[in-house]
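To start, the structure itself, in structure tokens.
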Amino acid sequence: MIVESHCHIVSPDQNKYPRDLGMKPATWVRDLSAEELIALNDASGVERAILVQAFGAYRYDNSYVAYTAARYPERFVAVCVVDALKPDAARTLDYWVKQRGVKGVRIVTWTEPELMLDDPLLDPLWRRASELQIPVCVLTNFHQVPRLERVLQHFGELCVALDHLGLPRLDDGPDFSNEQVIFDLARFRNFYGKFSSWTIAAAAKNGAQGRVEFFRGLVDTFGAHRLMWGTNFPASNDRSYQGFVDYAQEQLSFLLPDERRWIFGETALNLWPMLR
């Protein structure tokens, strides 16, 4: 079973699901309804998907992603975004999880000023996510990756997935010494690496050897059971959806069949077992 761990939806109905007018929409934002995504999934052999709140379109209003996951529970689960520094962040998370049925939360540091992952003010949200037993996905820039150590150590029962592996440049292959901060997180058993086809393409700029060595290193260090793939579609849109699926499978075909089985499905199913 192929499980897509990271994609976005944006409703074409802006009356029912208005986009956040308090921020400039991200340049990638385009209509992609749940039904359109299902058709793309079916055509590409993707059977399940994790719907990550489209922060660039809706910021903290998770209504569309929550509605979609509730409507198609056999296909999707939803990951919401909450404003981590608000005093009621933990209560807000309770609402989205208990009343709207979301199965994960995403912390986005791309705010002004930049949200720091090791800020103790975030502790109530980390703690509540741990109590609710839902995974936390983290979208941050690469310079903040080391700050995850405090979170992983203080909240050892919390599963934390780093979106896009923290957006490393991956321009220093084949040794990738700049990315050592990612590999250093392997000692935390509650850490998971989530990568997209963008990550594969970045590693491939170092040639086939660089791509193979980077991902072979990831699998050997973390184990395939702590790595998962997603398209990032339509935020990543330089290929068709089918193109992203095919590209990832082709580029990682050197991995063992069981390793690919985990990366392209089983890891996500372990974190979101309700999709089995």
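A short reminder: the numbers here are calculations on the coordinates, not readings from a lab. Quick caveat, the model's predicted, so the values are computed rather than measured. FYI the Cβ positions are ideal-geometry reconstructions off the backbone, even for glycines, and counts take in every protein chain you see.
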Normalised contact order of region 2-275, rounded percent, pairs of Cα under 8 Å and 6 or more residues apart: 19 percent
Sequence-distant residues sharing a close amide H with TYR192 (under 5 Å, placed H): VAL160, ALA161, LEU162
Percent of beta bridges antiparallel (DSSP, the chain, rounded to nearest 5): 5 percent
Binned Cα-Cα distance frequencies in region 143-182 - 5 Å width, integer %: 5, 21, 28, 21, 13, 8, 3
Rough spin-label spacing in nm, given labels placed 7 Å along Cα→Cβ, for LYS86 and ARG147: 2.0 nm
Rg ratio (alpha-carbon, reference 2.2 N^0.38 Å) - region 1-66: 1.14
Sparsely packed GluC sites (Glu not before Pro) within region 1-108, loop by DSSP, other Cβ within 10 Å at most 10: GLU74
Other-chain or far-sequence residues with amide H under 5 Å of GLY230's (modelled H): SER5, PHE195, SER196, SER197
Cross-link reach list, lysines versus LYS205, counting only Cα pairs under 21 Å and skipping chain neighbours closer than eight places: LYS194
GNM flexibility winner over the chain from ILE38, ILE263, ILE107 (Cα, springs under 10 Å): ILE38
Segment GLU35-SER177, length gained on full extension (0.36 nm per residue, minus Cα span): 46.9 nm
HN-Hα J in Hz across region 105-111 - Karplus 6.51, -1.76, 1.60, θ = phi - 60°, x for Gly and Pro: 10, 10, 9, 10, 8, 7, 10
Sparse-neighbourhood loop sites, chymotrypsin sites (Phe, Trp or Tyr not before Pro) in region 104-200 - DSSP loop, at most 13 other Cβ within 10 angstrom: TRP110
Helix-only CD estimate at 222 nm, as mean residue ellipticity for the chain, using -39500 (n - 2.57) per DSSP H run (n ≥ 4): -9500 deg cm²/dmol
Loop trypsin sites (Lys or Arg not before Pro), region 1-78, which have at most 11 other Cβ atoms in a 10 Å radius of their Cβ (DSSP): LYS16
Choice from ASP163, ASP94, ASP172 showing the highest fluctuation, given a GNM over the chain with Cα pairs closer than 10 Å: ASP172
Separation between Cα centres of region 67-122 and region 179-214, rounded to whole Å: 25 Å
